[in-house]
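Here is the structure we will look at.
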Amino acid sequence: MQPQPIPTPIPAPARRSGPGLLVTVVIAVVALLVGAGAAFSGLLLTGWRQQPERHYTVVVFFKTDVTAAQQDAARAVLAKIPATGGVRLETSEEAYAKFKEAFKDQPQLVGTMTADAMPQSFWLSTASRKDFDCTLVHPLGGTPGVDQYIVTQSPRDGHPGAKVGC
């Protein structure tokens, strides 16, 4: 018998040296960032923007025979609206002074009015990025002593103001 030759071991494949995995990860991260930037830029170019803040004024006009309890009930309804400056009462005298200033160039009209003819009112200012929620003021329609209420959107950035149909 002849001795069997000792098999020669097969050498392991040579390992690649260099930054292969690191380069792959860096390229993937850069590609993700470029893609995200392109998507965001596309949204901006097509008109996507955050809604601007809109300012609203709520005015509640009272009947001439309104009682303090009726005013308190109206104030309780307005307290549920997030106000930027609280609820302000405008007296008949303050309303008359505003009227006289607004119509100062029409003295015949000013002469026909008196402070007693001007209603007291509550004024409230609020701001939101959404449309005004009219359900907040609907209870005022059934409140005794309330003559009417008006909600207006203030003008902004070249857009005119408007009466909100509540």
Quiz item: If you go through region 120-133 one residue at a time, how many are at pLDDT below 90 and part of a strand (DSSP E or B)?
Solution: 1
Exercise. Could you run through region 134-166 and say how many residues are surrounded by 15 or more Cβ atoms within 10 Å (Cβ to Cβ) and assigned to a loop (DSSP other than H, G, I, E, B)?
Key: 4
Quiz prompt | Selected residue [of a type outside the set (Lys, Arg) and touching a strand residue (DSSP E or B) at 6+ places or on another chain (Cβ under 7 Å)] from THR84, THR112, THR135 | solution = THR84
Self-check item: Single match in GLY47, GLY37, GLY85 (criterion: at pLDDT below 75 and small (Gly, Ala, Ser))
Solution: GLY47
Exercise. Select from region 108-127 the residues that are touching a residue at least 24 places away in the same chain (Cβ under 8 Å) and more than 17 Å from PHE61 (Cβ to Cβ) and write down the one among them that is surrounded by the fewest Cβ atoms within 10 Å (Cβ to Cβ).
Key: ALA127
Quiz item: So which residues in region 69-91 are assigned to a loop (DSSP other than H, G, I, E, B) and on the phi < 0 side of the Ramachandran plot, if there are any at all?
Solution: ALA79, LYS80, ILE81, PRO82, ALA83, THR84, GLY85, THR91
Quiz item: Among VAL66, VAL59, VAL34, which is hydrophobic (A, V, I, L, M, F, W, C), part of a helix (DSSP H, G or I) and surrounded by 10 or more Cβ atoms within 10 Å (Cβ to Cβ)?
Solution: VAL34
Quiz item: Which residues, counting only those in region 96-119, are part of a loop (DSSP other than H, G, I, E, B) and among the polar types (S, T, N, Q)?
Solution: GLN106, THR112, THR114
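The values are calculated or read from the model by the stated rules, or taken from the named source; none is laboratory data. Just so you know, these numbers come straight off a predicted model, no measurement behind them. FYI the Cβ positions are ideal-geometry reconstructions off the backbone, even for glycines, and counts take in every protein chain you see.
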